[in-house]
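Each remark here refers to the structure printed beneath this line.
The values are calculated or read from the model by the stated rules, or taken from the named source; none is laboratory data. Keep in mind that this is a model prediction, so the values were computed, not measured. With ideal geometry, Cβ positions are generated from the backbone for all residues, glycine too; neighbour counts draw on all protein chains shown.
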Amino acid sequence: MEKTSETVKRTKMLLSKILPEWDLIEEINSGSFGTIYKIKNKNTNEFAALKVLPSQFNPQKEMIKSNFLCVSKIHHPNCIEMKQWLETEDEFGFIMEYFPAHPISILKKKSVKTVVKAILQVCDGLEALHSNKIVHRDLKPSNILINSAGAVKIGDFDLVKDVSKEKDFLKKGIFWGTLKYSSPEQCQNPEKLDFRSDLYSLGIVFFELITGKVPFDGNSWQEIVEKHVSAVLPDFPVTKEKTVSQIYQIISKLLRKKPADRYRNIYDLKLALWAVFPDLKEPPKTTKTEKSELELKEEVAGNVQKLFESYIRKAEKS
């Protein structure tokens, strides 16, 4: 208790020195990766969240700051917005959007449609990240939040990878992430992963929400890695509901061992989900990382039609 009160006292001093317009309201959460506080702006009455990193993360300060600046350009309703970086000689942290919510794991074993509705929002958030050349690299239930109104936001961007830059702060061969939600390539060659690694992690989350447990687990690091790399995906519980088997096929493709065998991008995944639940389809957004397979086929067909019509017109004139 003394340690907690001492930490709060230091955080209040940190705010008073650097950002005197903010008041500390309460502690929201605390763990090995830092403490998050609810704060309030004295001038605007706006609430925000302040994350303060413990001193053992000082060696990673440059990486965390770089990732913060990278993600701060993202302004999307399905991503927690990063607002302001702050640091002193002793501590550092950042201010971000305040979003009172629960981990998406509260949807475990809810209806398939309820889960898909939330997953589609995760897709939109990932699409915003990927279109800005950002791989999340640590997608898991505790980093995906859902509020009482059903709004979903992706958070915790401390381990993101900016694929537009050659420099990656993570040392070669060193694993960072959460093993049960990590792709085979993240387990074996973490510096070489791309956007499709996030698709795999989303598939693990998706599977867990439907069945109540992750597909690949074990009693040791090596056992879990081996399952990610080579184990067959467990079956869903037997059900007569048609949509469940359709969703299983989608998750199965997300969890293919080779990145090239998964969906090419988030938009292709959304197309597959919309095919199961057409009423959840929204107007297409402009944040696609690349054109989907369906769009490419439609574009080719349109061009062929235009060439054919042009040929007919020329033939009629002659």
Among (1) in a loop (DSSP other than H, G, I, E, B); (2) surrounded by fewer than 14 Cβ atoms within 10 Å (Cβ to Cβ); (3) at pLDDT 95 or above, the one test that residue 263 misses: (2)
Cross-chain or 6+ apart pairs with Cβ under 7 Å, the range 130-148 first and outside the structural domain of residue 72 (by TED's automatic domain parsing) and closer than 15 Å to residue 265 by Cβ, then among the basic types (Lys, Arg) and in a loop (DSSP other than H, G, I, E, B): 131/288; 132/73
Residues (of a type in the set (Lys, Arg) and modelled with pLDDT of 85 or more) located in the range 8-33: none
Selected residue (criterion: nearest to residue 163 (Cα to Cα)) from residues of the range 196-240 that are among the aromatic types (Phe, Trp, Tyr) and modelled with pLDDT of 95 or more: 200
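So that you can scan it fast, the table gives a plain yes or no per residue for (1) crowded, with 16+ Cβ neighbours inside 10 Å; (2) out of contact with any strand residue (DSSP E or B) (no Cβ under 6 Å at 6 or more places or on another chain); (3) not assigned by TED's automatic domain parsing to the domain that holds residue 145:
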site: 29; (1), (2), (3): no, no, yes
site: 34; (1), (2), (3): yes, no, yes
site: 53; (1), (2), (3): yes, no, yes
site: 75; (1), (2), (3): no, yes, yes
site: 82; (1), (2), (3): yes, no, yes
site: 89; (1), (2), (3): no, yes, yes
Single condition residue 156 does not satisfy, out of (1) at pLDDT 95 or above; (2) closer than 15 Å to residue 68 by Cα; (3) not in a strand (DSSP E or B): (1)
Unique residue being part of a helix (DSSP H, G or I), out of contact with any strand residue (DSSP E or B) (no Cβ under 7 Å at 6 or more places or on another chain) and in contact (Cβ under 8 Å) with a residue 24 or more places away in the chain when the list is 117, 65, 61, 110: 117
Count of residues meeting criterion [in contact (Cβ under 8 Å) with a residue 24 or more places away in the chain, surrounded by fewer than 23 Cβ atoms within 10 Å (Cβ to Cβ) and not aromatic (Phe, Trp, Tyr)] in the range 174-188: 8
Selected residue [more than 15 Å from the chain's Cα centre (by Cα) and either of a type in the set (Phe, Trp, Tyr) or under 24 Å from residue 196 (Cβ atoms) (or both)] from 161, 117, 133, 153: 117
